[in-house]
1. I'd like the carbon and sulfur percentage of the solvent accessible area for the chain, probe radius 1.4 Å, heavy atoms only, ligands and nucleic acids excluded.
2. Sum -39500 (n - 2.57) across every DSSP H segment of at least 4 residues in the chain, then divide by the residue count to get the 222 nm mean residue ellipticity, nearest 500.
3. Among the chymotrypsin sites (Phe, Trp or Tyr not before Pro) in the range 74-172, which ones are in a DSSP loop with at most 16 other Cβ atoms within 10 Å of the Cβ? Mind listing them?
4. Just in the range 71-160: which GluC sites (Glu not before Pro) are loop by DSSP and have at most 15 other Cβ atoms within 10 Å?
5. Consider the candidate values (i) 114; (ii) 124; (iii) 133; state which one is volume of the Cα convex hull per residue in Å³ computed from the structure displayed.
6. Averaging sequence separations of C-alpha pairs under 8 Å and six or more residues apart, then dividing by the length of the range 98-175, give the relative contact order as a whole percent.
7. With a cap of 12 neighbouring Cβ atoms within 10 Å, and only residues DSSP puts in a loop, list the trypsin sites (Lys or Arg not before Pro) found in the range 139-204.
8. Along the range 81-89, what does the Karplus equation 6.51 cos²θ - 1.76 cosθ + 1.60 (θ = phi - 60°) give for ³J(HN,Hα), rounded to whole Hz, x for Gly and Pro?
Amino acid sequence: MVRSKILPLTVLVVVFGGCGIHAADIFEPWERGLSDVELFLGTAEGGHQQAQALAGFGFGRGGSLGLSVSTDEGSATRLGLLVAVTVAAGKRTDLSLWGESGLAGASLEVELAHADWTAGVQVVHWREGVVPYGVLSLAGEEGVKLRLHPLAGMMVPLGRVELHLELSSQEPLGGAWPVHLAVGPNVHLTPWMEVLPELSLVREAGGTTHWAATVGFIVDPRHWTRPER
């Protein structure tokens, strides 16, 4: 099974960082060494586009380290560093804690480099049939107040497909909170490759609704270096 994310990850907002792209999924610790390579592409209503590439490393017992680079249309390229630890919190419950920080460089739109960070926790209760999970993160950025991002999700296994349904929001700079609904039928093409499509709808405080779509590709690079039998 491909161990996945991150990432990522609300519409074009990564749960584990401020760079932008997320597909509905459960974060699981990466296996020892370089065991995870990810590519995510996203687009939103109006043609806004983003892209992210990530390399994930596993260490110790439940430790994960991720290095990412992402681009956001109209913004600077961003480099990110993620550190996560996953521990058992019960017979069928996993608890993941993480911190992620990023630095965006200079561009025509961003005169100076600026930093952002995210810290959070994920709880997953593994069970037969529907698997519930929850995420709570706190994001900060230079010159911007801290913002909460709660998320509740469930995963339904359907053979090679894992159907994810997520309901979340992100604290706005002002006014009422938006409501974000995401659907992700993640497909395990092989034991070492997974495709993660997601369709999202966001209802803003003013009553307007817009959509976004994301597709992610996750592979275990150790498959490429294993000797042929």
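1. 65 percent
2. 0 deg cm²/dmol
3. Trp126
4. Glu73, Glu109, Glu111, Glu128, Glu142
5. Computed from these coordinates, volume of the Cα convex hull per residue in Å³ corresponds to label (iii).
6. 20 percent
7. Hits after loop and neighbour filter: Arg160.
8. Running phi through 6.51 cos²θ - 1.76 cosθ + 1.60 with θ = phi - 60° gives 10, 10, 10, 9, 10, 10, 10, 7, 10 Hz.
The values are calculated or read from the model by the stated rules, or taken from the named source; none is laboratory data. Because the structure is predicted, anything quoted here is derived from the model rather than measured. Because the Cβ atoms are built from the backbone with ideal geometry, glycine has one as well, and the counts that use them run over all protein chains shown. Please note that ligands, DNA and RNA were not included when accessible areas were found on the heavy atoms of the full protein model with its side chains. Shrake-Rupley method; radii C 1.70, N 1.55, O 1.52, S 1.80 Å.
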